[in-house]
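A quick write-up on the structure given underneath.
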């Protein structure tokens, strides 16, 4: 019950922010940041540092994510220890940032982390976004629909129109993002149509999100009014 | 009555004898069994293929499944290494196989009553891991990579020799105006690198825009506040801002405490940034990088604080919030182009040109596809014409 | 040397990660899994640096008695409380309200997470319901063609999503919302995705090749 | 890209100009009331039931009385406004059919969500006389880390995957778990999910491999990705977000949280739209003056 009250007051304290910045919000903010930083400090120790260096999740002794991934990949649990050593050494190099004179050595682990991730994303982007989009963008402008073996005009025109609008959206949008040519004349006009399509996309994304944001506030109100204050049945 | 009894007796006898007989007729074995090392794999797997037993179709006691058997030589005892359902004409044997060891295989066809028959021995097959994936989709991705990387590298080289044209990017002016406004008003600039990690392209773009902003701020002697979400991004931001002050010739003006870490937790981080906005009242806010749900909260609080806001992200949904609530938004690729443009290095300009070539290929492939799909449907097209013209 | 070695490390790891995608053999995939290990360890150490940063800023704030320094006490106290409680032995009992040590079910650490961090997090997130409304009011004005398009699609999609929309206007509004989502929206989205894809590819490439060096600080 | 300039506030404005730059706190107050007031009433609005939602209801309705059902709670508190109403209504429908319920979770905070939903269902007056007992009629086996590997492991040996329940009892000591070895011992599986691991993993690693029958409840964002599974028959039904919960409650004929939440949604959407219209009227009126 006490814990519910604490949660209730914190909820109200944060909500008071929409009225104006005030001491209660400032207090909640400081507690919030302190608790969160402490929480991440502990959890990163138990969930990243310890398990990655020992391959086990700290106290429970369950397999860590990477050990699990390795297990899925190879079916065995053994993971060569010298990888752990490399990780530990790079970790120590990172820590050397705190020493002003040799702080530059921290760029080595940074290069390692950023380089490996960037290499991975290079391929990932190509595979999931560029190549996949090409396949999806090849659409027939005339798409006849057959119902019971005979051509159905209404359905065919509907489907074709859909495809034409889609292809137009793709091509004009690509023109808008083309940087080698100034947006003038026919090219500029096409880019303008591209902007219109982009605006429709942004409007749709905005409209679609309203519902999920309202859901979140409904959830908080439900907590305040039902769980805490018992005003709802 | 007696007739009935006799009939019952007879039918019982027939039923018994029938099932007895069928139990003694095991199904026909699979034929044409072949065993081959699985292509494009990490090894320790062998692909088996066969022609299914014709008795899968028979009404009585059909084949219900297959068992894969393996042995080290064709005459040593075979052990099970997996199974396949009826209807399958192949399977991959992998349980316990080792690389660079020859194996022999047999397939057992099982009938519903557990009777079975074995195929001829296939093999030897030696599983090995391959060093290059030759599956078609991997080849296509490789071709795509070589082409795009080629475009970009070619243009980067070309940019080193001659000047390439890039149309003016509207965001550049907005960025400079934002810095100017802060200087005039004597208020700080707030720079948010987003919630992405340091290797995300959007964050990398944020670093280069930050470098530019910090250098101008150092020249104009205003103040730059950079609260960070990711600890690695925080480390790099410190280096970037410090380096920019050094470049501007004012290393002593760099205040380490203005580039700081908050917490790696979306909403506590937001709580802190909200507080900074309302208390410091920055003249200009930059939001460049990867953003999630917090985008709208940033933009609305910044508006309330009276700041000019310039945003750039590659997150589709968040673009819509930035467009609605910020003064200027760099949409997706515009952000990358702006960051390259700001560096003023010819190589960077060349890379934008390379990207454009990629888009031309994308657009022409898509157009080509449309045309070929149209030709394929030409019969339908003519039918439509006929319908319209002859009013059928 | 301070820049060459990091750039070399970046080239080697970046090219390896890109190429390993095409290599099915198990040795690269083994290295790949273990590279991720290093990424996590370095990230964890970086967090320690971050914590040092935030604590030193608030300690300095208290030291100089800057405005609002009183709140810094709360921040530091709650950080220390939370961080140390996670390392307390499980056997330590702080009473039925606070819970026990350790970081499992019923511990002080998890209670703090459930009753302090969680509600505040959900509430911050929920504030977006207010902000989405005020942003819509402020920006959705039919000032130009593009602003009108933005406003109209947003309203149609909103109406199509809740039951009251079709109840007032008829089912066509829900169908129109679905069509907007499926057709013009999807088309323009693809253009954005392809553009972003090219940008990411080219930036990652420049990064790996050492052309993009903003992250090293200090320009050239 | 930028939208045209927002007019800057000036002194000496007339009514329309002030309306065009309304203090946003007035909007905040209206949104607050638009969401809070409908929670006290059940607003009657026609809720069109999607085929997927109806299939969800019918799948449970067609279960033989006393069936054993496995429910997986794969979400955390932020998604609870969307998923909790459907979980509560599902528990109620299952209990009226006298089903035996075994709850597990692949997300750390799933078990708490399940406890909350169960408590709401058990408080319902219609189950008062049934004397439903923990361990006999329902059980909560808690959370297990390992994502889709857990789903796979349960297919071969469920009790060893969840050796003890949420309260620390040995799983095998619970009467409801007697004779339970794997998915084959359950008549039905229900999954509530808001991401990974979730419905997609359940379909891939449980339904596809064990042939179990399954239905699912998803958040509105996640649902489109799983609709194809309903069409292919791998899922027998699917509820999508708050609207899905409202649809389900409508079919069951017992309006609950979902319907009341949906009422709040409709009112708040209308309020946003009315404000946008008001803003435009004010904008054009103040512009005509100049």
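Using r as the Cβ-Cβ distance of residue A:155 and residue D:48, and R0 as 22 Å, what FRET efficiency do you calculate, to the nearest 0.05?
Numbers: r = 23 Å, r/R0 = 1.06.
Once the sixth-power term is evaluated, E becomes 0.40.
Using Cα pairs closer than 8 Å and at least 6 residues apart in sequence, work out the relative contact order for the range B:169-233, in percent.
Value for the range B:169-233: 44 percent.
Out of D:52, D:17, D:61, any idea which swings most in a Gaussian network model of chain D, alpha carbons joined below 10 Å?
Most flexible of the set in this elastic network: D:17.
Per-residue Cβ counts within 10 Å, from other chains only, averaged over D:26-38: what number is that?
Numbers: counts 2, 9, 9, 3, 2, 10, 7, 0, 4, 10, 8, 0, 2.
Rounded to a whole number, the mean comes out at 5.
Can you grab the distance from the C-alpha centre of the range D:125-147 to the C-alpha centre of the range D:13-38, Å, no decimals?
If we compute the Cα centre of each part, the gap is 46 Å.
Tell me the angle of helix B:316-325 to the major Cα principal axis of chain B, expressed in degrees between 0 and 90 and rounded to the nearest ten.
The angle comes out near 30 degrees.
Specify whether the C-alpha gyration tensor of the protein assembly as shown places it in the rounded, prolate or oblate class, a ≥ b ≥ c being the square roots of the eigenvalues: rounded for a/c under 1.5, otherwise prolate if a/b is larger than b/c and oblate if not.
Rounded is the answer for the protein assembly as shown, as its axis ratio a/c remains below 1.5.
When Cβ neighbours within 10 Å are restricted to other protein chains, what is their mean count per residue of peptide C:49-62?
6
Beta carbons within 10 angstrom, averaged per residue: use that to sort the peptides C:117-123, B:122-128, highest first.
By packing density, highest mean first, the sequence is C:117-123, B:122-128.
What number, rounded to the nearest 500 deg cm²/dmol, is the helix-based mean residue ellipticity at 222 nm of chain C, given -39500 (n - 2.57) per DSSP H run of at least four residues and division by all its residues?
-24000 deg cm²/dmol
Taking square-rooted eigenvalues a ≥ b ≥ c of the alpha carbon gyration tensor, is chain C rounded, prolate or oblate, where a/c under 1.5 means rounded and, failing that, a/b exceeding b/c means prolate?
Working: a/c = 1.84, a/b = 1.17, b/c = 1.56.
Cα axes put chain C in the oblate bin.
What is the range B:30-125's relative contact order, in percent, from Cα pairs under 8 angstrom and six or more apart in sequence?
Values: 221 pairs, mean separation 32.3, N = 96.
That works out to 34 percent.
Taking the Cα centroid of the range B:67-110 and of the range D:202-227, what is the distance between the two, rounded to the nearest whole Å?
Centre-to-centre distance over Cα atoms comes out at 33 Å.
Would you order C:179, B:132, B:50 from fewest to most other beta-carbon atoms within 10 Å of each residue's own beta-carbon?
Fewest-to-most Cβ neighbours within 10 Å comes out as B:132, C:179, B:50.
Taking the 0 to 90 degree range and rounding to the nearest ten, how far is the long axis of helix A:23-44 tilted relative to the main principal axis of chain A, both from C-alpha atoms?
The two axes meet at around 80 degrees.
In which sequence would D:88, B:163 go, from the one with the fewest C-beta neighbours within 10 Å to the one with the most?
Numbers: D:88 22, B:163 9.
Listed from fewest to most nearby Cβ atoms, that is B:163, D:88.
Which residue, B:217, B:324, B:63, tops the fluctuation ranking in a GNM of chain B built on C-alpha contacts under 10 Å?
In the Gaussian network model the winner is B:63.
Among D:254, D:153, B:353, which comes first, second and so on when ranked by fewest other beta-carbon atoms within 10 Å?
D:254, D:153, B:353
First check a/c for the range A:90-233, with a ≥ b ≥ c the square roots of the eigenvalues of its C-alpha gyration tensor; if it is under 1.5, answer rounded, and if not, answer prolate when a/b is larger than b/c or oblate otherwise. Please list the in-between numbers first.
Details: a/c = 2.42, a/b = 1.32, b/c = 1.83.
It is oblate, given that a/c is not under 1.5 and a/b is not larger than b/c.
Assuming R0 = 60 Å, can you tell me the calculated FRET efficiency for the pair residue B:120 and residue B:365, based on Cβ-Cβ distance, to the nearest 0.05?
0.80
Taking the mean number of other Cβ atoms within 10 Å as a proxy for protection, how do you rank B:180-186, B:333-339, B:260-266 from highest to lowest?
B:333-339, B:260-266, B:180-186
Would you mind computing Rg(Cα) / (2.2 N^0.38 Å) for the range C:129-216, counting N as its residues?
1.60
So how tilted is helix D:24-40 from the main axis of chain D? Cα-based, degrees 0 to 90, rounded to 10.
With both axes taken from Cα atoms, the answer is about 40 degrees.
Using a 10 Å cut-off on Cβ atoms, rank the peptides C:199-206, D:231-238, B:270-277, D:134-141 from the highest mean neighbour count down.
Ranked by mean Cβ neighbours within 10 Å, highest first: C:199-206, B:270-277, D:134-141, D:231-238.
Report, as an integer, the average count of C-beta atoms from other chains found within 10 Å of each Cβ along B:350-361.
Per residue, the number of nearby Cβ atoms from other chains is 6 on average.
At q = 0.10, 0.21, 0.26 Å⁻¹, work out log10 I(q)/I(0) for the range D:42-128 with the Debye formula, treating every Cα as an identical point scatterer and leaving solvent out; two decimals please.
Results for the range D:42-128 at q = 0.10, 0.21, 0.26 Å⁻¹ read -0.28, -1.15, -1.35.
We did not get these values from a lab; they are worked out from the coordinates using the rules stated. Nothing here was measured: the structure is a model prediction, and the numbers come from that model. FYI the Cβ positions are ideal-geometry reconstructions off the backbone, even for glycines, and counts take in every protein chain you see.
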